[in-house]
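Chemist: Once you've had a glance at the structure underneath, I'll fire off some questions.
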Amino acid sequence: MAVLWTTVSLFAFSSGLQTGLIYVQQRSGTLSRWWGARAFSIYNFITLAPWAAFLLFYVTLQFEQHPQLPWPSLWLQVIGGILVVSGTCLSVWVATLFGPARLNGLRHFTGATDEGRIKSGPFRWIDNPMYTGYFLILLGIALWQNSLYDLVIALESLLLLNGVQARIENSGLSRGRKSTTK
């Protein structure tokens, strides 16, 4: 149980830290003023370290006994596998559209925010397909493993990434920015 709460806490901390830094950078460019040309690299180090710790604990969590979901079924395991594959494909598609630098938030540190929102690919149907992909992967793992612990983390992902972080990230794009097609 301790690994679950550590994992949940690390996810909340990682998402909160990343969201807070993006918010500060979008509003006032504070990180660029503090760290100059190295701001993006420092931001990546600061935010990727807790995400790496979360991932380590999440993998460790998979080796612990989990309380089971109240509705075990082979069909749910199959649906879980389909969700994992779908979420992975969606995330890879977005990563291909964005490229590594933009995927990690480069647009918040350069004048790239005036390029606007991408309206092609999965962005035609979903506002934040990367975070939706993560949610599908985590929900798929929960169903596949029949794990209440993994379901908690999937719902945390939906709440924090799709509900909070995406809104902060997209606020810089929605303030008078033009749409672009890529």
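No lab work stands behind these numbers, since they all come straight from the coordinates. Everything numeric in this text was worked out from a predicted model, so none of it was measured. Glycine gets a Cβ as well: all are built from the backbone with ideal geometry, and neighbour counts include every protein chain shown.
Chemist: Calculate how steeply helix 2-28 sits against the longest principal axis of the alpha-carbon atoms of the chain, using the helix alpha-carbon long axis, and give the answer as 0 to 90 degrees to the nearest 10.
Modeler: 20 degrees
Chemist: List the trypsin sites (Lys or Arg not before Pro) in region 124-176 that DSSP assigns to loop (not H, G, I, E or B) and whose Cβ has at most 15 other Cβ atoms within 10 Å. Which are they?
Modeler: Of the trypsin sites (Lys or Arg not before Pro), the ones in loops of region 124-176 whose Cβ has at most 15 other Cβ atoms within 10 Å are Arg175.
Chemist: Using Cβ contacts closer than 10 Å as the measure, can you line up Tyr58, Tyr23 from fewest to most?
Modeler: Fewest to most other Cβ atoms nearby, the residues stand as Tyr23, Tyr58.
Chemist: With a 10 Å cut-off between alpha carbons and a GNM built on the chain, which of Trp93, Trp144, Trp71 moves the most?
Modeler: With Cα springs under 10 Å in the chain, the top fluctuation among Trp93, Trp144, Trp71 is at Trp71.
Chemist: Now, a different point. For the pair Val78 and Glu64, how long in nm is the line joining their label points, each one 7 Å along Cα→Cβ?
Modeler: For the pair Val78/Glu64, the computed spacing is 3.2 nm.
Chemist: Rounding to the nearest 10 and keeping the result within 0 to 90°, find how far the Cα-based axis of helix 129-145 lies from the longest principal axis of the chain.
Modeler: Between helix and principal axis, roughly 10 degrees.
Chemist: Follow-up. If I model a spin label at Leu155 and Ile168 as a point 7 Å from the Cα along the Cα→Cβ vector, what separation in nanometres do I get?
Modeler: 2.3 nm
Chemist: Right, something else. How fast does region 2-174 diffuse by Stokes-Einstein, in µm²/s, taking the Kirkwood radius from C-alpha pairs at 37 °C and 0.692 mPa s?
Modeler: 192 µm²/s
Chemist: Using the Cα centre as the reference, give the magnitude of the dipole from point charges on the C-beta atoms of the chain (Lys, Arg: +1; Asp, Glu: -1; all else neutral), rounded to the nearest 20 debye.
Modeler: Rounded to the nearest 20 debye, it is 920 debye.
Chemist: I want the local charge near Tyr131. Using Cβ-Cβ distances under 14 Å, sum +1 for each Lys or Arg and -1 for each Asp or Glu among the other residues.
Modeler: Taking every other residue near Tyr131 into account, the sum is -2.
Chemist: Going by alpha carbons, how many degrees (0 to 90, nearest 10) lie between the helix axis of 39-61 and the longest principal axis of the chain?
Modeler: Rounded to the nearest ten degrees, it is 0.
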